[in-house]
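The values are calculated or read from the model by the stated rules, or taken from the named source; none is laboratory data. All of these numbers come straight from a predicted model, not from anything done at the bench. In this analysis, Cβ positions are derived from the backbone assuming ideal geometry, glycine residues included, and neighbour counts consider all displayed protein chains. When the accessible area is computed, the model is the full protein with side chains, heavy atoms only, and any ligands, DNA or RNA have been set aside. Shrake-Rupley method; radii C 1.70, N 1.55, O 1.52, S 1.80 Å.
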Amino acid sequence: ASNDGSDSRNSDDEALTIPESTYSFLFTEAVGSVPFVFSLGIAAMSYVCLSLALANNLKGASIPANIDMPVRIAQYLSILIALLMEEEIPTGLYLLRRFSQSHLKSRFPEVSYHKFVISSIMRIAMGYLFLVNVLVVLIHADTVIEIFYDVLALQFIQKLDDIGFSVSKMEVLGKCLQRATATPYFHVDFRREKESLELKWRVRMFLKAVYFINLAVFLVIMIDISMRQKCGDFFCESISVKFGNEVWQDAIVQWPEDSVQYPPGLIEKMVLVYSYFDGVYVKDPSRTHNGRPIYVEQKKSDQTPFDETTPLYNPYEELHVAGPLIDPIKPAEIKYCGGYWVFSHDYIQKSRKDKSDETGCAWLARSPEAAGFDLEADGKWQIWTGKVVDTDVRIRCNKCSDDADCNLNGVCNDSGKCDCDVDEDVIYLGTFCEVRLEDKCQTIIGEQYGDVWAVENTTFSDRVSIWIGGLSEPFQEYSRPVYSYVGGLPEDQAPTEGNSLSLIYSGNRWMRITLEGAYNVAASEFWLWQTTNYHAFWARAYEPGVTTLVSEPTYNDYPVGVDFHYVGERGNQFGAFGALYPAQVNNISG
């Protein structure tokens, strides 16, 4: 203990000279002189460079959703490195501690103490601007080399005052500056003034406290960021997924052991049109996998979770017994597994033997190998259609940053969601207000028979339209309006009494679907559930007798200007959609 005290006293009693830095020119040289102006220029350059770096790092930057362990280690090591490299704060505080006004005036009466204080404060401010830059770099970095390069670059900018003084000392910038570096100010030793031991102790403790406070602030912020990254707070809350046109004709579906709709454990083959699984997927707040979130498929009607309860009455069942007769919709998931982002479903498997592959993942589609954490990474996915084929899967985070992300058809609110406009004669739909529904297109007419279809504005729950700005809020599936049949079809195509027809978008095709018993009052609960929980795959929308008319693949906002086909024979000799016969006048297309 006595040795520590002796070391502290020796440090305090050491002779001190004014630091060889251009900051010293601010009080050793006359205002307006070349060295004084040069010092201001160096300081201004340093402040501007660090400010530009800070603005650039903050502009459009986002905190990585998560980072690998080597990057996290580099972050915490860089905190210690930055605090050890940063010398402006301790130097400025030390100068203020060691040089009182009387002490400085005793050696150099001509020196302004106010200018000396301002110079020291500028040092301290520069130091904290450097530390703020380092903190921003560490928070936003996702590679090790990026951290070290950026920290070293910032340190170089902070050292411009020392570099400027050294260059001036070598007469590179002229004799005037060289003479300023050779003045007695930088060669006279200052001995510490007599102070009480208590005052010395307080000053020493203050300087140490400043260092550890800076360290504590860094650690608190970085630990908070690290914990939030591990909890998935910076991952996208929801994503929009759009598959291509791939179809797996013999998808193997195994129903769960607790199924009430099918024999428990039944295995059957179904036609899997991957676009049926287009739509919004939301991050599961309670689960992660391999340090990444699990995204869960949502309803196609309103982007909320599928209902866990089902109706007690099913008009399609010949025998009605007490209890639910329909299985709730099991949503698909997108998660990180085996080095890939994978799309999977618990009921759908690639073979009857095993659901998983060598990676242990039962994937139906997977991204390119991805070591990072970005689900939106570019690249072709692999998808299973009985064999592995390449496809484009578009995934976008459902978060806007400005009105342009809302296609200028809405306003990006403070929570990062688009509030779509409702104009006098148009409504905008979709997550990014990308679907335009004009008032004149709320009713459409078929080309061949003049059949009339109107946008469905009535839910099966209360049959009450919701009016907004003079227009009804349309009922939607897959972010497109649902059209209900009004009349005009020939008798062999028109719905029978109590039934209905709807034109429903199902990922990338419009389908004319028969709704059996839609106007049966006793079945209202069933149809409320069916319409709000509609999923083209699990509703077997393309089963024989359900869909009688199907469009070409399209991303149009409504079923106008797209070719339709009557659904004919089914069989292995036809494609996934069976025999398709043109529904246009004179069998034309286009």
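Numbers at a glance
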{"quantity": "Lone qualifier among S102, S106 - being within 15 Å of L16 (Cα to Cα), in a helix (DSSP H, G or I) and open to solvent by 10 Å² or more (accessible area, probe 1.4 Å)", "calculated": "S106"}
{"quantity": "Selection from segment 429-457 of residues that are among the hydroxyl-bearing types (S, T, Y) and either within 30 Å of S401 (Cα to Cα) or under 31 Å from the mean Cα position of the chain (by Cα) (or both)", "calculated": "T431"}
{"quantity": "Residue list for segment 548-578, restricted to those being open to solvent by less than 60 Å² (accessible area, probe 1.4 Å), β-branched (V, I, T) and within 18 Å of L501 (Cβ to Cβ)", "calculated": "T548, V550, V562, V567"}
{"quantity": "Helices (runs of 4 or more DSSP H) enclosed by segment 110-189 - at least 3 residues per element that are charged (D, E, K, R) and more than 33 Å from the chain's Cα centre (by Cα)", "calculated": "160-169"}
{"quantity": "Among (1) modelled with pLDDT under 85; (2) open to solvent by 10 Å² or more (accessible area, probe 1.4 Å); (3) in a loop (DSSP other than H, G, I, E, B); (4) among the aliphatic types (A, V, I, L, M), the one test that A539 misses", "calculated": "(1)"}
{"quantity": "Some residue of segment 264-274 being open to solvent by less than 50 Å² (accessible area, probe 1.4 Å) and among the basic types (K, R)", "calculated": "no"}
{"quantity": "Count - residues of segment 226-247 that are at pLDDT 90 or above, open to solvent by 10 Å² or more (accessible area, probe 1.4 Å) and not in a loop (DSSP other than H, G, I, E, B)", "calculated": "4"}
{"quantity": "Looking only at segment 280-314, and only at residues there that are open to solvent by 30 Å² or more (accessible area, probe 1.4 Å) and under 21 Å from G517 (Cβ atoms), the one that is modelled with the lowest pLDDT", "calculated": "Y313"}
{"quantity": "Selection within segment 515-530 - open to solvent by less than 40 Å² (accessible area, probe 1.4 Å) and either free of Cβ contacts under 8 Å to residues at least 12 places away in the same chain or out of contact with any Ser or Thr (no Cβ under 7 Å at 6 or more places or on another chain) (or both)", "calculated": "G517, A523, F526, W527"}
{"quantity": "Criterion violated by P70 - all others in (1) more than 42 Å from the chain's Cα centre (by Cα); (2) modelled with pLDDT of 80 or more satisfied", "calculated": "(1)"}
{"quantity": "Test set (1) more than 30 Å from D307 (Cβ to Cβ); (2) modelled with pLDDT under 90 - E552 fails condition number", "calculated": "(2)"}
{"quantity": "Flag if S33 is within 18 Å of D161 (Cα to Cα) and in contact with a Cys (Cβ under 9 Å, 6 or more places away or on another chain)", "calculated": "yes"}
{"quantity": "Hey, D439 at pLDDT 90 or above, among the acidic types (D, E) and surrounded by fewer than 20 Cβ atoms within 10 Å (Cβ to Cβ) or not", "calculated": "no"}
